[in-house]
Amino acid sequence: MDMHMNFYRKLPVPKDLKERFPADKKILKIKAMRDPELAAIFEGKSDRFILIIGPCSADSEDSVLDYVSRLTKVQEDVKEKIMIIPRIYTNKPRTTGGGYKGLVHQPDPEKKPDMLSGLIAMRELHQRAILESGLTCADEMLYPENQRYLSDLLSYVAVGARSVEDQQHRLTASGAGIPVGMKNPTSGDLSIMMNSITAAQGRHTFLYRGWEVQSLGNPHAHAILRGYVDNTGKSHPNYHYEDLIQLCGLYQESGLDNPAVIVDCNHANSGKQYLEQIRIAKEVLHSCRHSNDINALVKGLMIESYIEDGNQPVGAGCYGKSITDPCLGWEKSEKLIYELADLL
């Protein structure tokens with residue numbers, strides 16, 4: 001016992017876990033093909049549209065793999081216009097610390113936390129998803145020190161609204177080697193988000209997992225607009241035409257590389273009214289058609305989607321239904337992807 005913490009067990013370092021569960025050669029080949037395609041979109045060399053779509057939390061291996069595999073056919077159909085990146089979020093920020101914290105904490109949401117099993121399950125889930133769908137995925141950087149456990153598998157990382165001010169998140173993002181989306185903070189202060197992008201695009205020397213490390217800078221660090229909450233607790237969107245024009249201006253002032261934004265259609269942008277994501281996605285594309293500046297800036301959308309509409313409590317047992325934020329069900333999601341492709 002020390003400082004009222006019980007040091008329960010030492011966990012394997014990322015290198016050891018990667019050696020125990022190495023990435024399949026097929027995975028490395030898929031990632032080597034998809035990563036440059038994604039970089040080309042952020043650099044403005046490709047006009048394909050990014051769609052980061054999937055469950056709020058990856059709570060069950062079976063239903064997540066089922067969901068991701070369903071995206072394969074859709075991706076093939078829309079590949080000329082849209083690049084689909086499945087959301088497989090294995091750790092979840094909890095505002096008050098309560099509730100399901102994600103697969104990395106609890107591989108089985110109905111059992112007690114087991115971080116070792118969680119780290120293994122997280123790595124195995126991402127591996128299986130790529131092998132079964134042919135699509136490399138996105139996860140959230142909730143714990144910067146966990147980034148290396150998945151660094152050979154992921155194609156995209158998001159830094160959440162509550163983490164974006166944190167120095168360690170910003171500096172780890174600068175050495176991630178893949179696009180990292182920095183969300184606006186829950187307060188909605190865009191200067192904080194812009195500062196985090198600036199930090200992530202820079203080179204740094206810092207402390208990471210007991211090492212002095214040097215990062216090379218991340219030219220594909222970019223903005224994610226997710227709406228905000230005012231001091232009375234009311235949600236406000238920031239995906240409208242005027243918001244996107246404002247962000248264009250901030251980027252022009254900043255001198256940052258590869259100006260880019262992904263619009264998160266859920267969270268405070270939808271007031272967590274998950275069905276609104278359909279309307280919001282189309283409105284963003286409408287703004288792109290009206291302004292060349294917005295069209296150049298908006299690289300894609302983020303949508304929370306699962307097999308069943310809505311959400312449920314832990315233990316309710318409905319297959320493919322979120323146990324965290326409510327999600328758009330598969331039928332509506334599939335229809336939306338085809339509609340977006342037609343609008344692009």
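The values are calculated or read from the model by the stated rules, or taken from the named source; none is laboratory data. Model, not experiment: these values are computed from the prediction. Counting neighbours? That spans all protein chains shown, and the Cβs are built from the backbone with ideal geometry, glycine included.
Here are some notes:
- Residues (among the β-branched types (Val, Ile, Thr) and out of contact with any Phe, Trp or Tyr (no Cβ under 7 Å at 6 or more places or on another chain)) located in the stretch 176-213: 180, 192, 197, 198, 205
- Some residue of the stretch 108-123 being part of a helix (DSSP H, G or I), under 26 Å from residue 220 (Cβ atoms) and touching a strand residue (DSSP E or B) at 6+ places or on another chain (Cβ under 6 Å): no
- Hits in the stretch 106-120 (condition: crowded, with 19+ Cβ neighbours inside 10 Å and either under 19 Å from the mean Cα position of the chain (by Cα) or at pLDDT 90 or above (or both)): 118, 119
- Residue ID - nearest to residue 170 (Cα to Cα), chosen from residues in the stretch 182-236 that are out of contact with any helix residue (DSSP H, G or I) (no Cβ under 8 Å at 6 or more places or on another chain), among the charged types (D, E, K, R) and assigned to a loop (DSSP other than H, G, I, E, B): 203
- All conditions but one from (1) under 23 Å from residue 71 (Cβ atoms); (2) buried (at least 21 other Cβ atoms within 10 Å of the Cβ) apply to residue 152; the one that does not is (2).
- Single residue of the stretch 177-216 satisfying the filter (under 19 Å from residue 140 (Cα atoms) and either surrounded by fewer than 15 Cβ atoms within 10 Å (Cβ to Cβ) or of a type in the set (Gly, Ala, Ser) (or both)) that is nearest to the chain's Cα centre (by Cα): 181
- Meets criteria (in contact (Cβ under 8 Å) with a residue 12 or more places away in the chain and small (Gly, Ala, Ser)) for residue 32: no
- Taken together, the residues in the stretch 243-265 that are out of contact with any helix residue (DSSP H, G or I) (no Cβ under 8 Å at 6 or more places or on another chain), surrounded by 19 or more Cβ atoms within 10 Å (Cβ to Cβ) and in a helix (DSSP H, G or I) amount to 1.
- Residues in the stretch 38-62 that are touching a residue at least 40 places away in the same chain (Cβ under 8 Å), touching a Ser or Thr at 6+ places or on another chain (Cβ under 8 Å) and either loosely packed, with under 13 Cβ neighbours inside 10 Å or of a type outside the set (Asp, Glu) (or both): 38, 53, 54, 55, 56, 57, 58.
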